[in-house]
Amino acid sequence: MISLDQVLGQSQAVVLLRQAIAADRIAPAYLFAGAAGIGRGLAARGFSTELMTRGISPEAQRLIRYKLHKNNHPDLLWVEPTYQHQGKLYTPSQAQEAGLKRKAAPQIRIEQIRQIGQFLARPPLEAPRCMVVIEEAQTMAESPANALLKTLEEPGKATLVLLAPSADSILPTLVSRCQKIPFYRLAVEDVVTILTEKGYQHILEDETILAIAQGSPGEAIAIYEMLSNVPQELLQKLKILPTEPLMALTLAKELTAALETEVQMRLIDYLQYQYWQSSRRSEPIKRLEETRKYLRGYVQPRLVWETFFLQNCG
């Protein structure tokens, strides 16, 4: 059974949500703000379960919990960022299964916001209220964000939860319509507990991954899996900045040919740590932040990396 009791290291968030439930003062929308991989998604599932089973018979509660556990309850809509391919939308897992080449990061699209409107246009079918959870809400462009405003103003018999790194990462007009619930990076003991429970205790021996993850067990797992899929020969080359233009151009070509854009963006954190540890120079770190910004802006990846490596030559 999914509940707020399963959320480790986020006592303030759990208390705020439980107080809202106990006082029957549920906001139309919430912003769960904090880094990825620290419990926001689990808290959203626990909060949804407790709201959707509140005030109904034990038998009805068991049925709802069962369907929520199977991810097929008709009154819960979970929205993930998507890729667009030949007119169809794919979540990251669906795109991977379909073998799609992903040239840009996924995002919440206006078609998905319209789907939320359609979902909320009808009353709840089984639970006392409908729930909508939007992952990575910061990936919404201005158009879908503005479309979501109308839904936040009049959600009907529903509650929406937006997951984002911070209030600054989404439009202020969205933030103003949400009750903010802060999530914080976890203490070492909680990171150890979660990684061990998930079977990733070997990550605890990798100081580099733990340093980059900064108290986020989910991020530690994502970094570990990303590094496992990067060719080791390429990873070794990337640890040392090229010193000649031809080397820079060659490395940019090799990197973009081997890795999808989403993996390239996740690799940036790893490279920032490596370059800082080896040289203690701030320039490559700042330039990598610019690289991340351009990749998010859908600039041609090979050109972005060529620019970065050439800037650092010499």
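At a glance:
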read-out	value
Answer from Ala95, Ala105 - the residue that is farther than 30 Å from Ile56 by Cα, without any contact (Cβ under 8 Å) to a residue 24 or more places away in the chain and crowded, with 17+ Cβ neighbours inside 10 Å	Ala95
Selection within the range 227-285 - within 18 Å of Leu295 (Cα to Cα), among the β-branched types (Val, Ile, Thr) and in contact (Cβ under 8 Å) with a residue 40 or more places away in the chain	Thr256, Thr261
Within the range 199-213, tally of residues that are among the hydroxyl-bearing types (Ser, Thr, Tyr) and over 17 Å from Leu267 (Cα atoms)	1
Tally, over the range 1-21, of residues that are touching a residue at least 40 places away in the same chain (Cβ under 8 Å), over 20 Å from the mean Cα position of the chain (by Cα) and under 18 Å from Asp190 (Cα atoms)	3
Pair list, Cβ under 8 Å, 6 or more apart: the range 49-62 residue at positive phi, other residue in a loop (DSSP other than H, G, I, E, B)	Gly55/Pro128
Failed item in (1) without any contact (Cβ under 8 Å) to a residue 12 or more places away in the chain; (2) among the hydrophobic types (A, V, I, L, M, F, W, C); (3) assigned to a helix (DSSP H, G or I), with Phe309 passing the rest	(1)
Residue in the range 127-149 that is loosely packed, with under 14 Cβ neighbours inside 10 Å and under 29 Å from Gly55 (Cβ atoms) present	no
Every residue from the range 291-300 that is assigned to a helix (DSSP H, G or I) and at pLDDT below 95	Arg292, Lys293, Tyr294, Leu295, Arg296
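Matching residues to (1) surrounded by 18 or more Cβ atoms within 10 Å (Cβ to Cβ); (2) of a type outside the set (Val, Ile, Thr); (3) touching a strand residue (DSSP E or B) at 6+ places or on another chain (Cβ under 8 Å); (4) closer than 24 Å to Arg296 by Cβ:
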site: Gln236; (1), (2), (3), (4): no, yes, no, no
site: Ile240; (1), (2), (3), (4): no, no, no, no
site: Pro245; (1), (2), (3), (4): no, yes, no, no
site: Leu255; (1), (2), (3), (4): yes, yes, no, yes
site: Gln264; (1), (2), (3), (4): yes, yes, no, yes
site: Ile268; (1), (2), (3), (4): no, no, no, yes
site: Gln272; (1), (2), (3), (4): yes, yes, no, yes
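The values are calculated or read from the model by the stated rules, or taken from the named source; none is laboratory data. These figures come from a predicted structure and were not determined experimentally. All Cβ positions, glycine included, derive from the backbone under ideal geometry; neighbour counts span all protein chains shown.
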